[in-house]
1. Given the conditions (1) of a type outside the set (Val, Ile, Thr); (2) under 30 Å from A:Arg105 (Cβ atoms); (3) away from chain A (no Cβ under 11 Å), report the number of the one that B:Arg196 does not fulfil.
2. Within the stretch B:75-93, work out how many residues are part of a helix (DSSP H, G or I) and surrounded by fewer than 14 Cβ atoms within 10 Å (Cβ to Cβ).
3. Could you list, in sequence order, the residues of the stretch A:107-123 that are outside any helix (DSSP H, G or I) and within 7 Å of chain B (Cβ to nearest Cβ)?
4. Answer with yes or no whether B:Asp272 is under 27 Å from the mean Cα position of the chain (by Cα), surrounded by 12 or more Cβ atoms within 10 Å (Cβ to Cβ) and in contact (Cβ under 8 Å) with a residue 12 or more places away in the chain.
5. Checking the conditions here, which among A:Ala109, A:Ala130, A:Ala95 is in contact (Cβ under 8 Å) with a residue 60 or more places away in the chain, among the hydrophobic types (A, V, I, L, M, F, W, C) and closer than 25 Å to A:Glu171 by Cα?
6. Within the stretch A:161-173, is even one residue within 7 Å of chain B (Cβ to nearest Cβ) and not aliphatic (A, V, I, L, M)?
7. Which strands (runs of 3 or more DSSP E) sit wholly inside the stretch A:1-62 and have at least 3 residues that are out of contact with any helix residue (DSSP H, G or I) (no Cβ under 8 Å at 6 or more places or on another chain) and modelled with pLDDT under 95?
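The values are calculated or read from the model by the stated rules, or taken from the named source; none is laboratory data. Please read these numbers as outputs of a predicted model, since none were measured by experiment. Virtual Cβ from ideal backbone geometry, glycine too; neighbours counted across all protein chains shown.
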Amino acid sequence: MRETDFVLEGVGHEYRAGTPALAAIDLSIGCGQHVAVVGANGSGKSTLLKILDGLVFPSSGEITAFGAPLTEVALEDPAFRRDFRSRVGFVFQEADVQLFCSDVRDELAFGPLQLGLPEDEVRRRVQEVAGQLGLEKLLDRPPYSLSGGEKKRVAIASVVTMESHVLLLDEPATALDPRSQVWLLDVLEAWKREGRTVVMATHDLSVAAEAADRLVVLSEDHTLVADGTPDEVLAQRELLLAVNLIHEHTHRHESASHRHAHAHGPGTDPDQAHGHGHD
Amino acid sequence: MSAPCPCCQADIAPAVHRRGGGRSLARKTADSVGHAVTDVLQNEELAARPGLLQGLDPRVKLLTLLLFAVAASLVHSVWLLVALIALTMALAAASLVGVGSFARRVWASAGLLAFLVALPSALSWFTPGQVVVSLGPLSFTEPGLMGVATLVARVAAAAGFAILVIWTMRWTDLLRALSAMHMPDVVVATLAMTHRQILTLLRTVEQIHLARESRTLTRGTTRENRAWVTERMAFVMRKSMKTADDVYDAMLSRGFTGAMPSLVRLRTRPRDWMWAAASVALCVAIVIADRAVGP
């Protein structure tokens, strides 16, 4: 049985010459792992996910997916492309860009139909996923008439119907209310039981700590600076301060004042020092 | 009511009800954009009503209303054109879309525009004939005014059928109808994404203007307002291009192969065939009658 889904060796990416978005990333993602890529805004999390999904390609280094090199040339081969797309699903940060069909039913069916699955099978998947994610009443509605939280659910559902082995999630908790965040954590837990690999990019340490069994930290200079279990990484307070994932500021309590470390994200408690949730 | 700023003594006017009760540029633009979004959502509601046209197969409805619009463009008799306009009103009533608002939409957009464009052609300088109306140096002739009336009636009739298509058909059904009529996938996909993009960008523009409105203390000069609007237009254009790239990436990520398949299958029922047959017969009869009576 294959033990790793992705292997990155010295991967770097520049959108413009001289402006790195990622630098010299060495990373191996095991089959069935739940990995959270954490870092401040602009650290390269989304770029890393796009590289894992074959949407952008390394300017330097190499990436291997499921044992084969993942390159632009390889993805031009229809058989490879179909196989790769059926194995990897990507939920974008902004749900609006992912909802381009005329109604929710077609949105959920888009991926499986593109993969050439029989229509009966696609209908079964759409009904099943809509039932699981509570979307039955939305199936005939156009995406633009949905609320932000509903759009996010539909965006996630549109990838779930593809039954991909690997799920890439870019800021999955964004636009979700507290109840929907709990729902998301339940979904992630179910995927874990099913043995699916999840790679999520987030700067919400509470979601990362709760849902991932491995944390990868990107610094503001786009390099990988830490890789370990959530307990190991979140215990490195100085590191988290240095990469701008938590910050300190002074609180006044009646006559006394003292400094606290803060992480961003609802209910965050990053380093056992003192965490505050910020909306 | 305005009050002096406590620190600089500048006059701080509320963002609305300035200068004789006029609204700010930001507020007016935000309201207009909000109305545009509301219109789209209202169309969805109209298309869901249990009316005559809403019950037809989208393909049949699209083709037959298009046929009526073509017939209107072939007809020269004003009276037959008036009959076609009356038909659009009757269809609007039978489709429960509100005859008053339907007539306002037709005449306020297409009818008025056609009238303003065609009116100069009725002047005696361009169309000789018996002068029936004189306004100072401007003289309007009978054949000229008949020509204007014909053109306005033709445009109003055609626009009426087009608006009936839009008001009685969900956008999703329109796209499916186009797809079923073998419109290339790339065209249907582009239309679908354009519609989505426009709505998303409308909301962005509305938020931009509301954000400005919430921070506006003074009116600003026309030049400043113009510069701000231009800069925001550039921002929206950049955002639009970035969103288009992201949407394409999202499609590729889910295995986009160039086709836009759908799970929904359109079905034609006996009443669709009856409607289609009646529409074709009526259009043929109208064109024949027009040829018989002459212009």
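1. Of the numbered conditions (1) of a type outside the set (Val, Ile, Thr); (2) under 30 Å from A:Arg105 (Cβ atoms); (3) away from chain A (no Cβ under 11 Å), the odd one out for B:Arg196 is (3).
2. Of the residues in that region, 3 qualify.
3. Passing the criteria: only A:Leu115.
4. yes
5. A:Ala95
6. Checking the stretch A:161-173: not a single residue is within 7 Å of chain B (Cβ to nearest Cβ) and not aliphatic (A, V, I, L, M).
7. Those strands (runs of 3 or more DSSP E) span A:4-16, A:19-30.
One line per residue, one yes/no per condition, for (1) in contact (Cβ under 8 Å) with a residue 24 or more places away in the chain; (2) farther than 21 Å from B:Ala48 by Cβ:
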{"site": "B:Ala93", "(1), (2)": "no, no"}
{"site": "B:Val97", "(1), (2)": "yes, no"}
{"site": "B:Phe102", "(1), (2)": "yes, no"}
{"site": "B:Val106", "(1), (2)": "yes, yes"}
{"site": "B:Ala110", "(1), (2)": "yes, yes"}
{"site": "B:Ala153", "(1), (2)": "yes, yes"}
{"site": "B:Ala157", "(1), (2)": "yes, yes"}
{"site": "B:Ile166", "(1), (2)": "yes, no"}
{"site": "B:Arg203", "(1), (2)": "yes, yes"}
